[in-house]
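Visitor: Please find one structure pasted underneath; my questions will follow.
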Amino acid sequence: MKKVIAALLSLVALRVVASPEWVNGEVVRVDQARNRIVLKHEYIPSIKMAPMTMPFGVVKEIPLDQYRPGDKVRFQIKVVDGTLDITVMEKLK
Ligand SMILES: [Cu+2]
């Protein structure tokens, strides 16, 4: 039983540390050649960014060829030297 509780607690701790911030958006333009995407995004609490349409860098693991203008998506970002990169992105149904 103790083991189970310990395992559960470590799971909870992991979730807190890795707690991902999902932001909803809509694809406006895809620039596959430069690994960039223009999104209309919602307010982003972690960086206090108002809703707007703007370009993002995209990590190469994300298959940009599967995205089209008008797709509703949610994504996670990281800030690198003042620019925003999308690290995870998925389509919303
Ligand atoms: Cu923005």
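The values are calculated or read from the model by the stated rules, or taken from the named source; none is laboratory data. Quantities reported herein were computed from a predicted structural model and do not represent experimental measurements. Reconstructed Cβ throughout: ideal geometry from the backbone, glycine too, with neighbour counts over all protein chains shown.
Visitor: Read through the list (1) surrounded by 15 or more Cβ atoms within 10 Å (Cβ to Cβ); (2) within 14 Å of the chain's Cα centre (by Cα), then give the number of the only condition that Val28 fails.
Guide: Failed condition: (2).
Visitor: Here is a follow-up. Among the strands (runs of 3 or more DSSP E) confined wholly to the range 45-93, which include 2 or more residues that are more than 14 Å from Asn35 (Cβ to Cβ) and either in contact (Cβ under 8 Å) with a residue 60 or more places away in the chain or of a type in the set (D, E, K, R) (or both)? Let's see the steps before the verdict.
Guide: On the way: elements: 52-58, 72-80, 83-91.
Filter on the range 45-93 gives 72-80, 83-91.
Visitor: Are any residues in the range 44-63 within 9 Å of the ligand (Cβ to nearest atom), closer than 13 Å to Ile77 by Cα and surrounded by fewer than 12 Cβ atoms within 10 Å (Cβ to Cβ), and if so, which ones?
Guide: Ile47
Visitor: Say we look at the range 62-84 and pick out the residues that are modelled with pLDDT of 95 or more and among the charged types (D, E, K, R); which of these is nearest to Asn24 (Cα to Cα)?
Guide: So the residue we want is Arg74.
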